[in-house]
Amino acid sequence: MASVPFASQQLSFVASASASDIFRFGGGSGLRFVTVQKNKKFGLPVCRAGSALAFRDLDADDFRHPLDKQNTLMLRAIPGLNEVGKTLLGTVTEQVMLLENIGTSVLVSKNQLSDLHHLMAEAAEILNVPAPDLYVRQSPVPNAYTLAISGKRPFVVIHTSLVELLTREELQAVLAHELGHLKCDHGVWLTYANILTLGAYTVPGIGGMIARTLEEQILRWLRAAELTCDRAALLVAQDPRVVVSVLMKLAGGCPSLADQLNVDAFLEQARSYEKAASSPVGWYIRNAQTSQLSHPLPVLRASEIDEWSRSSAYRSLLKRGIPIKSQLQKI
Ligand SMILES: [Zn+2]
């Protein structure tokens, strides 16, 4: 359990297999090399034709998923959550996290991987949120996550294998998803909630039961929070196919298959999953499959974002956008 407070600030993009897995930080298993095709992404045509819409007055509640709202209220109702979190959150843990990351990753800047720097800066401008630091880390596990350490500039980490897997607009959508966590202050809640869970485990007798109940509640909240951040990704990509493509690749993509994957077929698959899961047995299986996951199933995320992209809420948000020159075009 020692790793829990670390991980409590870690908001990763991809689903994890179990509650304990979501808190894994870093690889620690040595470097492995993924199959890398010739990098074609920088020559691909872009989806946004030359300009993007920036949302200068965007508020987190403009795009927060209803389930996120509901589950956030539930977390807020837990007595003493804030106080316990503040008391237990040690700065040593944070320092270790920060130093570990700086020591083992590459910091992106205007002079270092400038393309990624511009993609992040643009995503932050679109979402009206300060751009955090961005690091690229060597890892065979395609992932991205955000660390919101109190009193310090938050930072986002993307793994090299994710860079290999995605196009530039897809990568920007992932960065936007991570920015969504910052925009919505998800880091704070996650930190406090996990620390409380850790505390509850130390209480003899019913402690474990309390912790398990709370952990389920937290994971439910986190899955809802992920849906909100997929919306942030869409607000930046401004094309639902980009976001769905990211989810599809995370479900079953690799660099050698990336060009053959079909977004429409994946959306069709998502619809058939929804249909199969609507029966009582299907409902049970779906809940059993998802109750210990940090992220909703990729097919469910895909259909959620597909649905939201057709909503009047999304359309009216787009109307509030101000055109800016797209970095996707400039680079
Ligand atoms: Zn996330």
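I'd like the full set of residues that are away from the ligand (no atom under 16 Å from the Cβ) and in contact (Cβ under 8 Å) with a residue 24 or more places away in the chain, limited to region 152-166. Full working, then the answer.
Let us first name the residues in region 152-166 that are away from the ligand (no atom under 16 Å from the Cβ), namely 152-153, 160-161, 163-165.
Hits for region 152-166 are LYS152, THR160, SER161, VAL163, GLU164, LEU165.
For the subset of region 129-140 comprising residues that are in a loop (DSSP other than H, G, I, E, B) and in contact with a strand residue (DSSP E or B) (Cβ under 6 Å, 6 or more places away or on another chain), which member is nearest to the ligand (Cβ to nearest atom)?
Of region 129-140, the ones in a loop (DSSP other than H, G, I, E, B) are 129-132, 138-140.
Pick out the ones that are also in contact with a strand residue (DSSP E or B) (Cβ under 6 Å, 6 or more places away or on another chain) and you get 132, 139.
On the way: PRO132: 14, SER139: 17 Å.
Among those that are in a loop (DSSP other than H, G, I, E, B) and in contact with a strand residue (DSSP E or B) (Cβ under 6 Å, 6 or more places away or on another chain), it is PRO132.
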Among (1) at pLDDT 95 or above; (2) in contact with a Leu (Cβ under 9 Å, 6 or more places away or on another chain), ASN143 falls short only on (1)
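Checking the condition among the charged types (D, E, K, R), modelled with pLDDT of 95 or more and over 14 Å from the mean Cα position of the chain (by Cα), which residue from GLU170, GLU125 passes?
Working: GLU170 fails: over 14 Å from the mean Cα position of the chain (by Cα).
Residue meeting the stated conditions: GLU125.
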Of all residues in region 100-128, how many are surrounded by fewer than 19 Cβ atoms within 10 Å (Cβ to Cβ) and outside any helix (DSSP H, G or I)? 8
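Considering only residues that are at pLDDT below 75, outside any loop (DSSP other than H, G, I, E, B) and away from the ligand (no atom under 16 Å from the Cβ), which ones fall in region 277-304? Write out each step before concluding.
In the first step, residues of region 277-304 are kept if they are at pLDDT below 75; the result is 277-295.
Next cut, outside any loop (DSSP other than H, G, I, E, B) only: 277, 280-290.
Residues satisfying the conditions are ALA277, PRO280, VAL281, GLY282, TRP283, TYR284, ILE285, ARG286, ASN287, ALA288, GLN289.
The values are calculated or read from the model by the stated rules, or taken from the named source; none is laboratory data. Bear in mind that the values here come from a model prediction, so they are computed numbers and not experimental data. Please note: Cβ atoms are built from the backbone with ideal geometry, for glycine as well, and neighbour counts cover all protein chains shown.
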